[in-house]
Structures are given as C-alpha cells and as structure tokens.
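Participant: My structure is below; once you've seen it, I'll send some questions.
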Amino acid sequence: MTRVYNFSAGPATLPLPVLEQVRDELLDWHGLGASVMEISHRGTEFREFAQQTEADCRQLLAIPDNYHVLFVQGGGRGQFSMVPLNLLRGKTHADYVETGIWSKLAAREAEKYCVVNQSVMADSSGYFTIPDRDTWQLDPHAAYVHYVDNETVNGIEFPYIPDTGDVPLVSDMSSNLFSRQFDISRFGLVYAGVQKNIGPAGMALVIVREDLVGQALKITPCLYDYQNHVTEHSLYNTPPTFTWYVCGLVFKWLIAQGGVAAMEQQNAVKAEKLYNFIDSSEFYHNDIDLRYRSRMNVVFRLYDESRNEAFLAGAKQAGLISLKGHRYVGGMRASIYNAMPESAVDALINYMDDFANNA
Ligand SMILES: *Cc1c(COP(=O)(O)O)cnc(C)c1O
C-alpha cells in the first residue's frame, strides 16, 4: 500500500506516526483489552487521557489559567450558533468581519440571535484582500467582534490580531490553530473544528475566557451552553471519544516535533516555496493580496481553465489528491497543514512544473 499526498482541506491528512499508533493500539488500548472506542468516557482511563490532552493543548498554545479548554460536538459550524447564544450576555449587537465564505456564513447564523453589524466587507465580488483595520466601523457597544483568522475556501489569512479594545474578540481558527504562535490573551474566545489541523472530524476545540461563560440565552440548548461543558469537563454527554483520542495523539506528535514554534517555521517554508513557484510561473496564478495570502490553504488557478480536469487527473496519477478548489470558488487549492511534509510541496511543485511544460 502506498500513501498519497492528500491536499484535502478537511477532513485532512493526519501525521503518519499518529495513524500508525492508532493502528497499533486499536484492539487493545492501555492494556484494557478493548479499543478506545469501546470503553466508557467516564472511566478512569479515558478521564486521565482527557486531562492529559487538555494539559498538552495548554502547553502547546501557552493558554493562561483564566481560559477554559473545551471539546464540544457540532464542528466548526456548531460554533457559529454557540458563540452568539453564549456571548451576547444581554447585548443586542455583534460585529462580524467578513473576509470570505466562512465569516459570511458565521454572520448569517448569528442574525438569528442578534443584530449583526457587518463591520467589514472584504469584497462582494470575491474575496481577495482584507480592508485595513483603520477603515473598520466597529461598534463599541457590540457584545463581541467575530472574524475568521484563516479563510479556508478563499485562501486569505490574517497576519495580525485585530485590536478591538474592550470588546471581546472571537476568532474562528478552524484551519490554522496550532500552525503558528499567538497570544491567546488577546481573545475572548477562539474555536476550531478539529478536522483540518488537529484530528479527525467530529468535534470543535473551544478556548474561552472564564468571564464569558455562564450567561447563555435562555433558549440555548443544553448541549450548546459552554457552562455545561465547563462544569462537566467536556463530558456533559457522550463525546466522540475516538476523535478526541486522535486529537490527543496529534498534540503529543506536535510536542515531539518541537511544538507550535517548529510548525510555524516549517509552515512558512512550505507556503513560501509554493507561492514563489506560482508567482514565477506563466501557467498558474494566485490573485490574493500578497499581504494576506494563507499559509495553510494555497489557492491557485490555471490561466487556461480548460486544462483543469487534465491537471487534476494527472495529479492523481502522480499521487497528489484533493487539489480541486472549493465548489464556491473553483480553481485549485492545496491545503498544507501541519501534518503535510515539505516533501509534499516539493512533489506538487514538480508535478505543476511538468504539467505546465508539457501543456
Ligand atoms: C471547515 C470550516 C468551518 C466549518 O467546519 P464544520 O466542522 O464543517 O462545521 C468553519 N470555519 C472554517 C474557517 C472552516 O475552515
């Protein structure tokens, strides 16, 4: 069996050593004679594992003590509802910064619960840049400001943390959490669906400042109230234990790689290589404002789009899969998360070069 290089945006490639460990301990986890999928989430073994996973997460991101770390169901989009339900705290308005498809969808969901100030519209004709911070019309009375740190579909990433004064800042980091170091204390809440850069599908990781929890709207479903997950250490109901377990292994793998700092370096090298190649090519192009190009999701197009199918078919033959862009935007997209080695980027560049030369 040969493994291909899988550029899928999510569910995405996982570190090979993690998959091997999953395989090796699948039938007998921690000497229990049963798999991690088959044991009680309330037993000592799983509880200890969950505690260790939280500790590793805290270490990797240097999370201060006044923040809770939660593993909840509902993926990334579950948070589109959970954030307004919990963070409005008696206020009627929230600010949403729109820089791509995911931030737009987050705003649409929040409109069910509050008045959404569309404070920043990146571009209604397609998202290629982020308007400068000093042009944003933020409401000082908003309950929070929501933005998407990395727009997975559009290939746009913030190179800085926007300053929102006393208004809590909320960020969807589904596709770039753990890809670089940053200061959590600048945020009220950070969340990520885990299936991009953390583990298999099935959960979201939420990091939330203590004072923002405990004031959910009355209508909030019990599973969507952060307070319940805080009180029960994310064991309020039966969690997707297998997903959680693999996330825990990924954290161990990250620590062994040198942590987030090491990932940040490698991710910069990978992205720069690929963008340099695209920019130097007369066959491919990327139209994102240079300042905001994503290090995680590199979108590119062929000048001759009639060659798209041939490009994808040839890539598959070369062992490079899932390069097709999101259906909303078309073109191509190479997702190069933490688990993607530099050799994959080299292989992709080689293939792209060959394809261009033989066109
Ligand atoms: C994938 C993604 C989502 C949606 O995640 P689901 O787990 O499918 O709900 C939300 N935001 C961003 C930035 C994403 O990349």
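The values are calculated or read from the model by the stated rules, or taken from the named source; none is laboratory data. In this text, all values refer to a predicted model and were calculated from it rather than measured experimentally. We place every Cβ from the backbone using ideal geometry, glycine too, and count neighbours over all the protein chains shown. When the accessible area is computed, the model is the full protein with side chains, heavy atoms only, and any ligands, DNA or RNA have been set aside. Shrake-Rupley method; radii C 1.70, N 1.55, O 1.52, S 1.80 Å.
Participant: Quantify, in whole percent, the carbon and sulfur part of the accessible surface of segment 24-84 (1.4 Å probe; protein heavy atoms only).
Facilitator: Details: 1360 of 2920 Å².
C and S fraction of accessible area: 47 percent.
Participant: Starting from the Cα gyration tensor of segment 41-82, take the square roots of the eigenvalues, sort them a ≥ b ≥ c, and report rounded, prolate or oblate (rounded when a/c is under 1.5, otherwise prolate if a/b is larger than b/c, else oblate).
Facilitator: Judged from the Cα gyration tensor, segment 41-82 comes out oblate (a/c at least 1.5, b/c at or above a/b).
Participant: Can you order the peptides 305-316, 53-64, 335-346 by their average number of other Cβ atoms within 10 Å per residue, highest first?
Facilitator: Going from most to least packed, we get 335-346, 53-64, 305-316.
Participant: Mark the label point 7 Å from the Cα of residue 132 along Cα→Cβ and return the residues of segment 96-115 whose backbone N is within less than 20 Å of it.
Facilitator: Only 97-99 fall inside the zone, counting backbone N under 20 Å.
Participant: Could you tell me how far the Cα centroid of segment 44-68 sits from the Cα centroid of segment 163-197, in Å?
Facilitator: Comparing the Cα centres of segment 163-197 and segment 44-68, I get a distance of 17 Å.
Participant: Rg/Rh for segment 127-195: what does it come to with C-alpha atoms and Rh from Kirkwood?
Facilitator: 0.94
Participant: If you don't mind, another one. For every helix of n ≥ 4 consecutive DSSP H residues, a contribution of -39,500 (n - 2.57) applies; sum these over the chain, divide by its total residues, and give [θ] at 222 nm rounded to the nearest 500 deg cm²/dmol.
Facilitator: -11000 deg cm²/dmol
Participant: Listed highest first by mean packing, meaning other Cβ atoms within 10 Å per residue, what order do 37-43, 259-265, 101-107 come in?
Facilitator: Taking the mean over residues of other Cβ atoms within 10 Å, the ranking is 101-107, 259-265, 37-43.
Participant: List every residue whose amide H lies under 5 Å from the amide H of residue 293, counting only residues 5 or more places away in sequence or on a different chain, with H placed 1.01 Å from N in the peptide plane.
Facilitator: It is 157, by chain and number.
Participant: Could you provide, to the nearest whole Å², the per residue accessible area of the chain with probe 1.4 Å?
Facilitator: That works out to 43 Å² for each residue.
Participant: Below 25 Å, Cα to Cα, which lysines can residue 316 reach? Residues fewer than 8 away in the same chain don't count.
Facilitator: Partners found: 196, 270, 273, 324.
Participant: Multiplying the sequence separation of residue 231 and residue 37 by 0.36 nm and subtracting their Cα-Cα distance, what value in nm do you get? Don't skip to the end; give the middle numbers.
Facilitator: Details: separation 194, 0.36 × 194 = 69.84 nm, distance 2.36 nm.
Going from the current span to full extension adds 67.5 nm.
Participant: Considering all projection directions equally, how large on average is the shadow of the alpha-carbon convex hull of the chain, in square nanometres?
Facilitator: 18.1 nm²
Participant: Another one. Got a number for carbon plus sulfur as a percent of segment 137-201's accessible area, 1.4 Å probe? Please list the in-between numbers first.
Facilitator: Working: 780 of 1730 Å².
Roughly 45 percent, rounded to a whole number.
Participant: How far apart, in nm, are two points set 7 Å out from the Cα along the Cα-to-Cβ line at residue 62 and at residue 342?
Facilitator: Calculated label separation equals 2.4 nm.
Participant: Oh, and also: Where does each of 249-258, 149-158 land if you order them by average Cβ count within 10 Å, highest first? Write down the numbers at each step before the final one.
Facilitator: Values: 249-258: 18.1, 149-158: 26.6.
Packing proxy ranking, top to bottom: 149-158, 249-258.
Participant: Quick one: which residues, 5+ away or cross-chain, put their amide H under 5 Å from the amide H of residue 330? H built at 1.01 Å from N.
Facilitator: Here nothing satisfies the definition.
Participant: Then there is this: Can you tell me the Rg and the Dmax, both Å, for the Cα atoms in segment 241-359?
Facilitator: Values for segment 241-359 (Cα only, Rg and Dmax): 15.7, 48 Å.
Participant: Report, to the nearest whole %, how much of the accessible area of segment 207-354 belongs to carbon and sulfur atoms, 1.4 Å probe, protein only.
Facilitator: 50 percent
Participant: Just add up the charged neighbours of residue 321: K/R +1, D/E -1, any other residue whose Cβ is under 13 Å from the Cβ of residue 321.
Facilitator: Net charge around residue 321: +4.
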